[in-house]
Amino acid sequence: MTVPSADKTIAVTSKPSAATRIATRRSLAVSRARAASEALAELGVEVKVIGSLANGRFGQSSDIDFLVLECPRHLKYGIEGIVEDCLQGFRFDVIYFDDIPPHKRDRFSKEAVCARHLR
């Protein structure tokens, strides 16, 4: 939109709506979660996405949650640097399936989504 002024025309840009900002942030989060999942898969780590990104409630202050199902022993607790590099500034959590109390594992498994299937 342009606004006429006494001596010139001034361009006015509108700020994206909150919904647009969240959709853009979610799209970027999906892309980076996929990159992290692929990088980990190349190392033999099986990981899925859980939480708000997996269940469609991802918002402006959401982080990205990963559930590690299988991980070579020598990499356990050492993959966070890889995830951090791939996510480029997104906050994240890495949860190891075998660290979850047995009575809670079913709930985590049911909500876990392969990063390739995120929309």
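Quick check on this structure: which one of GLY44, GLY59 is exposed (fewer than 14 other Cβ atoms within 10 Å of the Cβ), in contact with a Ser or Thr (Cβ under 9 Å, 6 or more places away or on another chain), touching a residue at least 24 places away in the same chain (Cβ under 8 Å) and assigned to a loop (DSSP other than H, G, I, E, B)? Break it down stepwise before answering.
Numbers: GLY44 fails: in contact with a Ser or Thr (Cβ under 9 Å, 6 or more places away or on another chain).
That would be GLY59, the only listed residue that is exposed (fewer than 14 other Cβ atoms within 10 Å of the Cβ), in contact with a Ser or Thr (Cβ under 9 Å, 6 or more places away or on another chain), touching a residue at least 24 places away in the same chain (Cβ under 8 Å) and assigned to a loop (DSSP other than H, G, I, E, B).
Report yes if some residue within the stretch 28-42 is modelled with pLDDT under 95 and farther than 22 Å from ARG119 by Cα; otherwise report no.
no
Taking the stretch 69-113, which residues are in a strand (DSSP E or B) and of a type in the set (A, V, I, L, M)?
LEU69, VAL94, ILE95, VAL113, listed by residue number.
The values are calculated or read from the model by the stated rules, or taken from the named source; none is laboratory data. Quantities reported herein were computed from a predicted structural model and do not represent experimental measurements. In this analysis, Cβ positions are derived from the backbone assuming ideal geometry, glycine residues included, and neighbour counts consider all displayed protein chains.
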